[in-house]
1. With Phe48, Phe44, Phe7, Phe33 as the choices, which residue is modelled with pLDDT under 90 and closer than 30 Å to Val144 by Cα?
2. Hey, could you check region 99-129 for residues that are acidic (Asp, Glu) and under 27 Å from Lys79 (Cα atoms) and say which is modelled with the highest pLDDT?
3. Among the residues of region 144-167, which ones are part of a loop (DSSP other than H, G, I, E, B) and within 16 Å of the chain's Cα centre (by Cα)?
4. With the requirement that a residue be assigned to a loop (DSSP other than H, G, I, E, B), out of contact with any Pro (no Cβ under 8 Å at 6 or more places or on another chain) and more than 17 Å from Asp125 (Cα to Cα), what does region 168-191 give you?
5. Would you point out which residue out of Ala118, Ala138, Ala162, Ala143 is hydrophobic (A, V, I, L, M, F, W, C) and either free of Cβ contacts under 8 Å to residues at least 24 places away in the same chain or surrounded by fewer than 18 Cβ atoms within 10 Å (Cβ to Cβ) (or both)?
Amino acid sequence: MNGKKPFRVLTLDGGGMRGLYTATLLTKLTELFNKDHPQPFPDFGKGFDLICGTSTGSILACGLAAGVPIDALKDIYIKEGLKIFPSPMPEPQKPEFYLWAAKHAFVNSGDREELLKALKFVFQDRTLEDIYSERGIALCIAAVEAHKFIHRIFRTPHNPKALDDGEYKAYEAVLSSCTAPILFPVNKVEFHEEDEYYVDGGLWANNPVLLGMTEALQVVEDKDRPIEIISASTCNRLMGSYSPRGSGIRAANLSPRATNKSSAAQAVA
């Protein structure tokens, strides 16, 4: 390290109801590192310069960037989860999965209106620009443009090339990132009198670490400033020899000079 304050990035994976695991993990980290804080749930999002999220991770990312308490974000899963996901997907290796897949090939298994209602309750009518102007925390949300099937990144106005994105309602961007095929119908957003259609960002960036890294490389002007990334997972099924005691946190200290900026940035720019 060169003594300069790091540019801190938090990335949050997709994973449906497993977002509750991520929210619980962040709650425990908050408690661990703020034992003497007067508030029970300090402002976790304020510890980061950039927060990136995909699908269920976009709910948490947008909430933390907007200053929503972590316990309120957990309530979305605890209180509204069964309404949003009334027909959970069985494990793919179980026979019930095939019956579930056949049933939901033509009927969505999730309730879009319940999800939309929950998002509107949390974010109200705040736009991405509102969140950035109020908090100064950059936000990136991954989605897919359904009619073109190309990646889409909703950004706060921290990035000059995405100033128009600030006009989107926060709940519109988050719902677009959460619209997983089979679970929900394609999300239609009316923007500047044109209809736009989006599906789940997990189709290209379920783990948005690369998104967070390349975005940081684009917006950090001081190329000697270190970049720190924390990636919080949704507790996927363990593979290989990974320790069952793992916390789900992966951290990396990155130097912009040591990273191939051009090739990485082109992948998600």
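The values are calculated or read from the model by the stated rules, or taken from the named source; none is laboratory data. The structure presented is a predicted model; accordingly, all values stated were derived computationally and were not measured. Reconstructed Cβ throughout: ideal geometry from the backbone, glycine too, with neighbour counts over all protein chains shown.
1. So the residue among Phe48, Phe44, Phe7, Phe33 that is modelled with pLDDT under 90 and closer than 30 Å to Val144 by Cα is Phe44.
2. Ranking the qualifying residues of region 99-129, first place goes to Asp125.
3. Answer for region 144-167, where residues must be part of a loop (DSSP other than H, G, I, E, B) and within 16 Å of the chain's Cα centre (by Cα): just Thr156.
4. Answer for region 168-191, where residues must be assigned to a loop (DSSP other than H, G, I, E, B), out of contact with any Pro (no Cβ under 8 Å at 6 or more places or on another chain) and more than 17 Å from Asp125 (Cα to Cα): Ala180, Pro181, Ile182, Leu183, Phe184, Pro185, Val186.
5. On the way: Ala118 fails: either free of Cβ contacts under 8 Å to residues at least 24 places away in the same chain or surrounded by fewer than 18 Cβ atoms within 10 Å (Cβ to Cβ) (or both); Ala138 fails: either free of Cβ contacts under 8 Å to residues at least 24 places away in the same chain or surrounded by fewer than 18 Cβ atoms within 10 Å (Cβ to Cβ) (or both); Ala143 fails: either free of Cβ contacts under 8 Å to residues at least 24 places away in the same chain or surrounded by fewer than 18 Cβ atoms within 10 Å (Cβ to Cβ) (or both).
Selected residue: Ala162, the only one of Ala118, Ala138, Ala162, Ala143 that is hydrophobic (A, V, I, L, M, F, W, C) and either free of Cβ contacts under 8 Å to residues at least 24 places away in the same chain or surrounded by fewer than 18 Cβ atoms within 10 Å (Cβ to Cβ) (or both).
Per-residue answers, yes or no, for (1) modelled with pLDDT under 90; (2) surrounded by 20 or more Cβ atoms within 10 Å (Cβ to Cβ); (3) in contact with a His (Cβ under 9 Å, 6 or more places away or on another chain); (4) not hydroxyl-bearing (Ser, Thr, Tyr):
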| residue | (1), (2), (3), (4) |
| --- | --- |
| Pro181 | yes, no, no, yes |
| Phe184 | yes, yes, no, yes |
| Asp200 | no, yes, no, yes |
| Ala205 | no, yes, yes, yes |
| Pro208 | no, yes, no, yes |
| Val219 | no, no, yes, yes |
| Ser231 | no, yes, no, no |
| Ser243 | yes, no, no, no |
